[in-house]
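Heads up, the thing below is written out as structure tokens.
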Amino acid sequence: MVYKVPGVYVEEPNGLSLSIQTGETAVPVFAFEGSSTWLGSTKAGVTAFSSWLDVVTLADSNSKSGLETDLLYQSLKLYFINGGGHCYAAPVDTLSALVPALDDVTLLVQAGVKLNKFMPQVTPLCKPGQALFALFDGPKDEMATSTAVGAAQGTYPELPQAAVYYPWLTVPGISTDIPPSGAVAGAYARVDRQRGVWKAPANVDIIGATPRYKVSDEVAGACNKPDSGHAINVIRAFRGTGPLIWGARTLAGQTDTWRYVPVRRLFNAAERDIRMAMSMALFEPNSAPTWERVRGAVESYVHGLWQQGALLGESPQQAYFVQIGLGTTMTQTEINQGQMIVKVGLAAVRPAEFIVLQLTQDVVPG
């Protein structure tokens, strides 16, 4: 544009403009088995709920029979009581096929379905790069000794993208024990909203229910630091307090990197947000100007995390790094193949010690 008159002019360039928005971190899908007749004709596929009113309305329009003992219905009730928001319900037998189409889902909730049905469905969904986290129910029966704890821990997989909670819960006026995963999912949503996904969902109260069994110090210790690494997070009631979630360990307790729930979920959230923004670079020239725009957007995003207290370190250099470029994250061959690779390091556990994410976006060769 040629300017002939003195003044202030604003131009809007047509080049790539990137900014990374923070997405939802606690959107669960609840698994259920075929007995939930209150879902009506929707139970063959995915059902979405935005509030407890949606659940009640659907039940009123179909069947109120058996709601007191329906584990999905009661799990959803505790989920919303404990601070949950938008969520889904899906049949456990087709969970692995249905969830990939739900691009906002971040949590997979067992909600009382049989472990031998839930585990094969969620294990392939909880692979690296999927940014999904599973909440398993602990044993329904009491674990009174450390030996019983060890036996129970052996039934769960080595999975950094999952956590187990015990014991099951009781609700006044309800004769059926309720699985803990729904209430815990609600607590996750509440903590994420109030404090951030990087805050451990531990020492957090469970509202509207109490633990079915009292957990002793011996059992709690065996659950928290097992030899197998398959930690079970307990829900305990102490004198003068209500029930509290008393643990935040994943099923990969033997690894320093992914031992803790908030670390794994923070990286899930960052990976999801960054990957979503990088998709905007599809078909852009795989060249230095594009790389610089991507680097700037990612750096702005992780700097915001550091300012909010999500990352450790007294300076940005101690808290994170972002790398992209020829000879740094990509070879010429990878560039020619249309791959744009970004490395992001975040000090989520200890200062100056980074856990590294590597994200690849296909772009046109150039």
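The values are calculated or read from the model by the stated rules, or taken from the named source; none is laboratory data. As the structure is a prediction and not an experimental result, all values here were calculated from the model. All Cβ positions, even for glycine, are placed from backbone atoms using ideal geometry, and neighbour counts span all protein chains on display.
Points worth noting:
- Among the residues listed as Gln161, Gln110, Gln121, Gln130, the single one being in contact with a Pro (Cβ under 7 Å, 6 or more places away or on another chain) and not hydrophobic (A, V, I, L, M, F, W, C): Gln110
- Any chance Thr210 is of a type in the set (Ser, Thr, Tyr), touching a Leu at 6+ places or on another chain (Cβ under 8 Å) and more than 21 Å from Leu72 (Cα to Cα): no
- For Gln358, the stated conditions hold: it is modelled with pLDDT under 95, touching a strand residue (DSSP E or B) at 6+ places or on another chain (Cβ under 8 Å), assigned to a strand (DSSP E or B) and closer than 27 Å to Arg249 by Cβ.
- Qualifying residue in segment 256-271 (condition: assigned by TED's automatic domain parsing to the domain that holds Trp198 and surrounded by fewer than 18 Cβ atoms within 10 Å (Cβ to Cβ)): yes
- Residue list for segment 185-219, restricted to those being buried (at least 17 other Cβ atoms within 10 Å of the Cβ) and aliphatic (A, V, I, L, M): Ala185, Ala187, Ala189, Val191, Val197, Ala200, Ala202, Val204, Ile206, Ala209, Val215, Val219
- The set of residues in segment 169-207 being closer than 21 Å to Tyr73 by Cβ, of a type in the set (A, V, I, L, M, F, W, C), touching a Gly at 6+ places or on another chain (Cβ under 8 Å) and not in a helix (DSSP H, G or I) consists of Val171, Ile178, Ile206, Ile207.
Residue by residue, here is whether (1) assigned by TED's automatic domain parsing to the domain that holds Phe80; (2) farther than 19 Å from Ile178 by Cβ; (3) modelled with pLDDT of 90 or more holds:
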| position | (1), (2), (3) |
| --- | --- |
| Leu18 | no, yes, no |
| Gln21 | no, yes, no |
| Phe32 | yes, no, yes |
| Ser36 | yes, no, no |
| Thr42 | yes, yes, no |
| Thr47 | yes, yes, yes |
| Leu53 | yes, yes, yes |
| Thr57 | yes, yes, yes |
| Glu68 | yes, no, yes |
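- When Thr106, Thr47, Thr69, Thr123 are screened for being of a type outside the set (A, V, I, L, M) and farther than 27 Å from Met276 by Cα, only Thr69 passes.
- Cβ-Cβ contacts under 7 Å between residues 6 or more apart (or on different chains), taken from a first residue in segment 280-293 that is over 15 Å from Ser19 (Cα atoms) and touching a residue at least 24 places away in the same chain (Cβ under 8 Å) to a second residue that is assigned to a loop (DSSP other than H, G, I, E, B) and of a type in the set (A, V, I, L, M), are listed as Phe283/Val363; Glu284/Leu16; Glu284/Val363; Asn286/Val363.
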